[in-house]
Amino acid sequence: MSRIAKSHVNAAFEWAAGQITEAGGRDGVTSRAEIRHKIGELTGPERDLVDFFYRFILRQGAGASERVTRTDIEAALAVARAQLVAAFDTDNNGLAADEVAAMPPLGRLAVKVAR
């Protein structure tokens, strides 16, 4: 397996964040019901990434109401970029197979979508 650029993995997280934001509609707040509807429209790893990333956002602090705002999403994106992507590119030349294997499941799922 060849290396994958961190920017591609970050783009997969940004795509998932965009899906979550889009699910929320005009009010800028995405509820559990809205994300369930959005997830129902997706398939495969993309569906899983949006679902897991939404739950990741909830665990980052928005969990009490199960409603996430754009601020919650941006904060979770920053954490994902730093802790789920950059932290595993130990030699700063893209993610190799062994680095991807060491990532948590959400990071590996983002790599799968990025490929």
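Quick look at the numbers
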item	result
Total charge dipole magnitude, the stretch 1-102, about the Cα centre, Cβ charges on Lys, Arg, Asp, Glu only, Debye to nearest 20	260 debye
Within the stretch 66-83, backbone nitrogen closer than 15 Å to the virtual label 7 Å beyond the Cα of ALA102 toward Cβ	83
Surface share of carbon and sulfur [accessible, 1.4 angstrom probe, percent] for the stretch 1-102	50 percent
Per residue, in Å², the accessible surface of the stretch 14-60 once ligands and nucleic acids are set aside, probe 1.4 Å	53 Å²
Theoretical FRET efficiency, 1/(1+(r/R0)^6), r = Cβ-Cβ of SER2 and ASP27, R0 35 Å, to 0.05	0.25
Estimated 222 nm signal from helices in the chain, with DSSP H stretches of n ≥ 4 weighted -39500 (n - 2.57), rounded to 500	-18500 deg cm²/dmol
GluC sites (Glu not before Pro) within the stretch 1-85: DSSP coil, no more than 15 neighbouring Cβ in 10 Å	GLU66
Spin-label model distance (nm) - ASP91 vs GLU66, 7 Å beyond Cα toward Cβ	4.5 nm
Total charge dipole magnitude, the stretch 65-104, about the Cα centre, Cβ charges on Lys, Arg, Asp, Glu only, Debye to nearest 20	240 debye
The chain - convex hull of the alpha-carbon atoms, volume per residue in Å³	86 Å³
For the chain: relative contact order, % (alpha-carbon pairs under 8 angstrom, 6 or more apart)	40 percent
Charge-dipole axis of the chain as Lys and Arg at +1 and Asp and Glu at -1 on Cβ define it, positive-most pick from ALA33, GLY94, VAL68	ALA33
Residue-normalised accessible area of the stretch 75-115, expressed per residue, 1.4 Å probe, Å²	47 Å²
C-alpha center-to-center spacing [the stretch 54-115, the stretch 1-37] in angstrom	11 Å
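The values are calculated or read from the model by the stated rules, or taken from the named source; none is laboratory data. As the structure is a computational prediction, the values presented were derived from the model and not from experiment. Using ideal geometry, Cβ is built from the backbone for each residue, glycine included, and neighbour counts are taken over all protein chains shown. With ligands, DNA and RNA removed, areas are computed over all heavy atoms of the protein, side chains included. Shrake-Rupley method; radii C 1.70, N 1.55, O 1.52, S 1.80 Å.
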